[in-house]
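For reference, the structure discussed in these notes is given below.
Only the coordinates and a few stated rules stand behind these numbers; no lab work does. Keep in mind it's a predicted model, so treat the numbers as computed, not measured. Ideal geometry is used to build each Cβ from the backbone, glycine not excepted, and the neighbour counts take in all protein chains shown.
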Amino acid sequence: MNQVTKIDFKKIQRISPSQFYSMKNCAYKSLLAEALNKKPLLPVSANAYYGTVLHKMLELISKGVIKNEGDFDKIFIEQINFMEKKLKAEGYGFFVPLQKKVKDFIMKKILLKEHLQNIPVRAFRANSVKFHSEKWYESNDGLIGGKIDLVIEVGQEVEVLDFKTGAITQDVLDDDGELNSEVKTEYKDQLKLYAYLYFENTGKFPSRLSLVDLTKQKFTVDFSQEECHAIFDEAKSLLKSTNTCVDTGAFSANPTEGNCKYCLYRPACCFYLNYLETDWSFNDLSGSVQNVLMFQNGNVSLFLEAGGQKFTISNFPSEKFDEFNGYRNKKINIFNLKKETREFFYSAIKTTVVYE
Ligand code: SF4
């Protein structure tokens, strides 16, 4: 049975623009990540691990390390092998081979390869236009800092670009009730913070902020200098108030479906675990073990009680039988379950993780 080690909270020295939005929604998550040395307690999806590989490839293309198809094919295999080795070492071998677990694996690879024709970088070089790939920018006080994927400087014109391997936009309802596609707020915030960091480092603001997806579609983020200043001040005051919690020990969190669904620190979050006792909309359960049964085929079912409600969870492997029996009348927390069509019935899947 997995256990959460003692949580030793520590102050966060610096936040990155990519972290800001998540911290704004639930600062406790950032504190847990810091205390646990940024080691997630739950697996993410095969798609997310593949996304990390794709982003690394984009970085190498924009840096000019990958120059042609030969480089691409060789380095792609190396990066996939590296990720698969890491997944196995972390006990997530069920995501391997990624090619079989990721939807549209080949299609995404082909789309990525087309970035090789993203000649801007090489053309700009030829015209002695400056570009900075994966360059670190931080504020003068060192409190906000991060790597910008690509900065292109053409005379007085400066473009800051960030590459995304997933969806950049989301549907939002406008004032007339019409659905509109808009760049996600978290990405807008991230780019405005990059703009401010660029300003603090160079004395001028970029002229354009852009996001580029796998299909090479470019989205522009509108901004004003005042907005960038304001978001920078907001990020600093958020960091300060979050760190004050470490001094006072008065922690709070913001458990909601949107915040917690993909939080990889759920097993360590007492606020979420309390919330789970009365909210059963998640794919996680927290309750006391009432009974354990093993069927002839070796499948184990677990019967839990939480908040006066009984739950049945099937499909655990046979080796869980003795382990669960040792936890009768004790509370356990189970993450990443599959909900069955019958109410209060769940099944264990490959990514299911149990913590005491
Ligand atoms: S589980 Fe939810 S409330 Fe807890 S730290 Fe994560 S996002 Fe915040």
TODO: Take the cross-link list K29/K184; K100/K184; K10/K240; K38/K331 and give me the ones stretching past 22 Å between alpha-carbons.
DONE: K100/K184; K38/K331
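For the range 277-355, what Kirkwood radius comes out of the mean inverse Cα-Cα distance, in Å? Please report the intermediate quantities before stating the final value.
Numbers: mean 1/r = 0.0810 Å⁻¹.
For the range 277-355, inverting the mean 1/r across all distinct Cα pairs yields 12.3 Å.
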TODO: State the Cα centre-to-centre distance between the range 260-329 and the range 55-81 in whole Å.
DONE: 42
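Please return the longest range in the chain lying between exposed loop sites, taking trypsin sites (Lys or Arg not before Pro), DSSP loop only, at most 15 other beta-carbon atoms within 10 Å, and leaving the sites out.
Details: sites that count: K6, K10, K11, R14, K38, K67, K103, K204, K216, K261, K330, R342.
Answer from the scan: 104-203.
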Open item on the list: Need one number: nm distance between label points at L293 and R14, each 7 Å from Cα along Cα→Cβ, rounded to one decimal.
Closed with: 5.7
Open item on the list: As an exercise, use a Förster radius of 22 Å and the Cβ-Cβ distance of K100 and E182 to find the FRET efficiency, rounded to the nearest 0.05.
Closed with: 0.05
Open item on the list: Just to confirm the number: angle between the C-alpha axis of helix 225-248 and the first principal axis of the chain, 0 to 90 degrees, nearest 10?
Closed with: 40
- [ ] Specify which residue in the list I61, I144, L31 is farthest towards the positive end of the charge dipole of the range 1-153, using unit charges on the beta carbon of Lys, Arg (+1) and Asp, Glu (-1), about the Cα centre.
- [x] L31
TODO: Note down the magnitude of the dipole of the range 41-117 about its Cα centre, charges +1 on Lys and Arg C-beta and -1 on Asp and Glu C-beta and zero elsewhere, to the nearest 20 debye.
DONE: 160
Open item on the list: What distance in nm separates the two pseudo spin-label positions at K85 and M1, each 7 Å out from Cα along the beta-carbon direction?
Closed with: 3.6
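Looking at the range 272-325, which chymotrypsin sites (Phe, Trp or Tyr not before Pro) are in a loop (DSSP not H, G, I, E or B) and have at most 12 other Cβ atoms within 10 Å?
Taking the range 272-325 and a limit of 12 other Cβ atoms within 10 Å, the loop chymotrypsin sites (Phe, Trp or Tyr not before Pro) found are F295.
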Open item on the list: 7 Å from Cα along Cα→Cβ at both E340 and T169: what's the point-to-point distance in nm?
Closed with: 4.2
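If the viscosity is 0.890 mPa s and the temperature 25 °C, what Stokes-Einstein diffusion coefficient in µm²/s follows for the range 1-159 when Rh is the Kirkwood radius over Cα pairs? Before the final figure, lay out the partial values.
Numbers: Rh = 18.5 Å.
This corresponds to a translational diffusion coefficient of 133 µm²/s.
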- [ ] Counting only C-alpha contacts under 8 Å and six or more residues apart, can you give the relative contact order of the chain as a whole percent?
- [x] 17
- [ ] For V154, enumerate residues with amide H under 5 Å from its amide H, sequence gap 5+ or separate chain, H modeled in the peptide plane.
- [x] E159
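Magnitude of the Cβ-charge dipole of the range 277-355, K/R +1 and D/E -1, about the Cα centre, nearest 20 debye? Provide the component values of the computation, followed by the final result.
Values: 9 positive and 9 negative charges, 17 e Å.
Once rounded to the nearest 20, the dipole reads 80 debye.
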- [ ] Write down the percent of antiparallel bridges among all DSSP beta bridges whose residues are both part of the chain, to the nearest 5.
- [x] 80
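Kindly provide the Kirkwood hydrodynamic radius of the chain in Å, to one decimal, from all pairs of distinct alpha carbon atoms.
Working: mean 1/r = 0.0434 Å⁻¹.
Over the chain, the inverse of the mean reciprocal pair distance is 23.0 Å.
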TODO: Return one number: the angle in degrees, 0 to 90 and rounded to the nearest 10, between the long axis of the Cα atoms of helix 185-202 and the longest principal axis of the Cα atoms of the chain.
DONE: 40
